[in-house]
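> The following block contains the structure, expressed as structure tokens.
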Amino acid sequence: MMSADTKHLDDIQKKAKEVLTKSELKKVFFFLPELFQNHLLEYVEKQKPKEKIIKGYRVKVKYSETNQSDIDEAQKTIAKTVIDNLNKRKKNNF
């Protein structure tokens, strides 16, 4: 869940804790828009395996670092998607 208003986000989080089970709540994250990209980057870093075993062979894997231009492009894409979605909702509500 993402909201620019911290009070709104806190209210949603409290309601979610009342309604959702613990296992469901582990799948839900609550973010301010500016913190969302940081979470995505941390998630990608956690998911990167350093070593794999494939058909009994140990394979070392190296990943290239993400540069700032890729991060900026991803942030613009996320912002555009969120804005487009909000505009569609506003259009459908009126």
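The values are calculated or read from the model by the stated rules, or taken from the named source; none is laboratory data. Remember, predicted model here, so these are calculated numbers, not experimental data. Note that each Cβ is placed from the backbone with ideal geometry, even for glycine, and that neighbours are counted across all protein chains shown. With ligands, DNA and RNA removed, areas are computed over all heavy atoms of the protein, side chains included. Shrake-Rupley method; radii C 1.70, N 1.55, O 1.52, S 1.80 Å.
> Take region 39-62 and flag every residue that is closer than 30 Å to MET2 by Cβ and at pLDDT 70 or above. It would help to see each step written out before you state the result.
Start the filter on region 39-62 by keeping residues that are closer than 30 Å to MET2 by Cβ, which leaves 39-49.
Correct list: HIS39, LEU40, LEU41, GLU42, TYR43.
> Okay, moving on. Check GLU65 against each of (1) closer than 21 Å to MET2 by Cβ; (2) modelled with pLDDT under 75; (3) open to solvent by 80 Å² or more (accessible area, probe 1.4 Å) and name the one condition it does not meet.
For GLU65, the failing item is (1).
> Mind listing just one residue for me: the one in region 8-35 that is open to solvent by 60 Å² or more (accessible area, probe 1.4 Å) and not in a helix (DSSP H, G or I) and, of those, farthest from ALA74 (Cα to Cα)?
THR21
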